[in-house]
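Undergrad: This is the structure I want to talk about, given as C-alpha cells.
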Amino acid sequence: MATEDEIIFELLPLIRIYKSGRVERYQDNETVPASVDPATGVSSKDVVIAADTGVSARLYVPGLGSDSQRRIPVLVYYHGGAFCFGNPFMPILHNYLNSLVARAHVVAVSINYRLAPEHPIPAAYDDSWKALRWVASHANGGPGPDRWLADHADFDRLFLAGDSAGANIAHHMAMRAGAEGLQRGVGVHGVVLVHPYFLGSEPVEINPLADGAPSLAGMGRKRVLVCVAVEDVLRDRGRAYCHRLREKRWGEVELYETDGKGHTFHFFDPTCDEALAQDRAICRFLDRERTKESVKE
C-alpha cells in the first residue's frame with residue numbers, strides 16, 4: 001500500500017516529489033546575495049514585483065562609466081528547471097548573468113516565478129507576464145518604481161530570453177505580447193531561446209507547432225535566435241521551431257548549434273571555448289551595432 005512518503009517523481013540531484021505533496025528541491029537551497037561583482041563590475045539588486053504571489057526579480061546593470069547617460073538594451077530573462085525547480089538567486093545563474101550583462105552591455109531582469117507542482121502551469125506563465133508588464137511600466141516616464149530601468153533601459157530594444165523551460169516561457173511571453181500588447185508603447189524587439197524545452201509526443205513535435213497551437217504569427221515579426229546543443233535530446237525541437245518559422249517566411253531567424261555539448265552546458269563549464277562562443281553569438285544578436293572588438297572576451 002502506498003504511503004505518504006512514497007516518491008512519485010524524482011530527478012536527482014535536483015528534485016524529489018512525494019505522494020504527500022512534499023517537495024524537496026536540492027539545487028534551490030544554495031543562493032547568493034545581490035552584489036557588485038568584482039570580476040565584471042556588474043551591480044545587482046533584488047526587487048519585489050507582486051507581494052501577494054511572491055513574484056520577484058534580480059536586476060543587473062553593467063558598469064556604465066562614461067556611458068552613464070546612454071540607454072542600453074533591456075533583457076528580461078526566465079530561468080530553466082522544467083517549471084519545477086530553479087530560481088534567479090542560484091550561483092550558476094547569477095554568475096552567468098553577471099558575465100553576460102558585462103559582455104552584452106545590457107540591463108537584465110531575471111524573473112523569479114512560482115514553481116510546479118505547488119503552483120501548476122499556467123502559474124509560471126501568469127507570473128512571467130506580470131513581471132514583463134512590470135518591466136514595461138518603466139518606459140517613457142511611466143510609473144514603474146525602479147530607477148535602474150527608468151534611467152538606463154532602452155525600451156525600443158527589449159529582448160526576452162531564457163534557457164530550457166525558461167526559453168519555453170520566453171516564447172509564450174512573446175506570443176502574448178504580440179496578441180495583447182504591452183503598456184506604454186513597448187514591444188518585444190527580439191527573443192533568445194537557449195536549449196529550448198518544448199515537449200511533444202513525437203521526437204520533433206513541439207508544443208508551439210502542434211495541431212491547435214496558437215499561430216506563430218501571433219509573435220509578430222520579431223528577431224529570434226535559437227541556440228541548441230548537438231548532444232542535447234531536445235535539439236531536434238529547437239531545430240524544428242526554427243524550420244517552421246523559416247518555412248512561413250516569418251522574419252529574421254538564427255539557429256546557433258554547439259557540437260559535442262549537452263543541455264545547458266554553459267552553466268557547468270562557463271569558460272570553455274564553446275560557452276564563450278555561444279555567449280558571443282548572443283551578444284551579437286542583442287546588439288548588431290556593436291563591433292566585434294567591443295564585446296569583451
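The values are calculated or read from the model by the stated rules, or taken from the named source; none is laboratory data. All values derive from a computational prediction rather than experimental measurement. Here the Cβ is made from the backbone with ideal geometry for all residues, glycine too, and neighbour counts use every protein chain on show. Surface accessibility is based on the protein's heavy atoms, side chains included, excluding ligands, DNA and RNA. Shrake-Rupley method; radii C 1.70, N 1.55, O 1.52, S 1.80 Å.
Undergrad: Fully extended, how many nm does the chain gain between VAL32 and LYS130 (0.36 nm per residue separation, minus their Cα-Cα distance)?
TA: Details: separation 98, 0.36 × 98 = 35.28 nm, distance 2.46 nm.
Extra length available between VAL32 and LYS130 comes to 32.8 nm.
Undergrad: How much length would be gained if the chain were fully extended between ALA50 and GLU257, taking 0.36 nm per residue of separation minus their Cα-Cα distance, in nm to one decimal? Please list the in-between numbers first.
TA: Numbers: separation 207, 0.36 × 207 = 74.52 nm, distance 3.70 nm.
Computed gain between ALA50 and GLU257 is 70.8 nm.
Undergrad: Continuing with this model, one more query. Can you give me the accessible area per residue for segment 1-66, using a 1.4 Å probe, in Å²?
TA: 59
Undergrad: Equivalent ellipsoid semi-axes for segment 75-144, as square roots of 5 times the alpha carbon gyration tensor eigenvalues: give them largest first, rounded to whole Å.
TA: Values: eigenvalues 97, 73, 10 Å².
In descending order, the three semi-axes are 22, 19, 7 Å.
Undergrad: Same structure again: Amide H of LEU199: which non-local residues (sequence gap of 5 or more, or other chain) have their own amide H closer than 5 Å, using H built in the peptide plane?
TA: Here the answer is ASN207, since their amide H atoms fall under 5 Å of that of LEU199.
Undergrad: For segment 10-65, rounded, prolate or oblate, judged on the Cα gyration tensor with a ≥ b ≥ c (square roots of eigenvalues), a/c < 1.5 rounded, else prolate if a/b > b/c?
TA: On the way: a/c = 4.72, a/b = 1.91, b/c = 2.46.
Oblate.
Undergrad: Most mobile of ARG22, ARG235, ARG284 per a Gaussian network model of the chain (Cα springs, under 10 Å)?
TA: With Cα springs under 10 Å in the chain, the top fluctuation among ARG22, ARG235, ARG284 is at ARG22.
Undergrad: Quick one: pull the percentage of alpha-carbon pairs in segment 23-131 with a separation above 24 Å. The partial results should precede the final answer.
TA: Values: 1508 of 5886 pairs.
More than 24 Å apart: 26 percent of the Cα pairs in segment 23-131.
Undergrad: Going 7 Å from the Cα of ARG184 along its beta-carbon direction, which residues of segment 123-137 have the amide nitrogen within less than 12 Å of the resulting point?
TA: Only 133-137 fall inside the zone, counting backbone N under 12 Å.
Undergrad: Determine the share of the chain's accessible area contributed by carbon and sulfur atoms, expressed in whole percent, with a 1.4 angstrom probe.
TA: Values: 6770 of 13300 Å².
Its accessible area is 51 percent carbon and sulfur atoms.
Undergrad: Among [x] 19.7, 59; [y] 18.7, 68; [z] 21.2, 76, which is the computed Rg and Dmax of the Cα atoms in Å?
TA: [y]
Undergrad: Go through segment 152-158 residue by residue and turn each phi into a ³J(HN,Hα) via Karplus (6.51, -1.76, 1.60, θ = phi - 60°); whole Hz please, and just put x for glycine and proline.
TA: 10, 7, 9, 6, 7, 10, 9
Undergrad: Can you give me the relative contact order of the chain as a percent, contacts being Cα pairs under 8 Å and 6 or more apart?
TA: Values: 589 pairs, mean separation 41.5, N = 297.
Reported relative contact order: 14 percent.
Undergrad: Any chance you could look up the accessible area of GLU10 with a 1.4 Å probe, heavy atoms only, rounded to 10 Å²?
TA: Surface open to solvent at GLU10 totals about 80 Å².
Undergrad: Does segment 81-188 come out rounded, prolate or oblate, given a ≥ b ≥ c as the square roots of the eigenvalues of its C-alpha gyration tensor, rounded meaning a/c under 1.5 and, failing that, prolate meaning a/b above b/c?
TA: Values: a/c = 1.86, a/b = 1.22, b/c = 1.53.
It is oblate, given that a/c is not under 1.5 and a/b is not larger than b/c.
Undergrad: Oh, and also: If each residue of separation counts as 0.36 nm, what is the full-extension length gain between ARG157 and GLU231 once their alpha-carbon separation is subtracted?
TA: Working: separation 74, 0.36 × 74 = 26.64 nm, distance 3.22 nm.
Net length gain for the segment: 23.4 nm.
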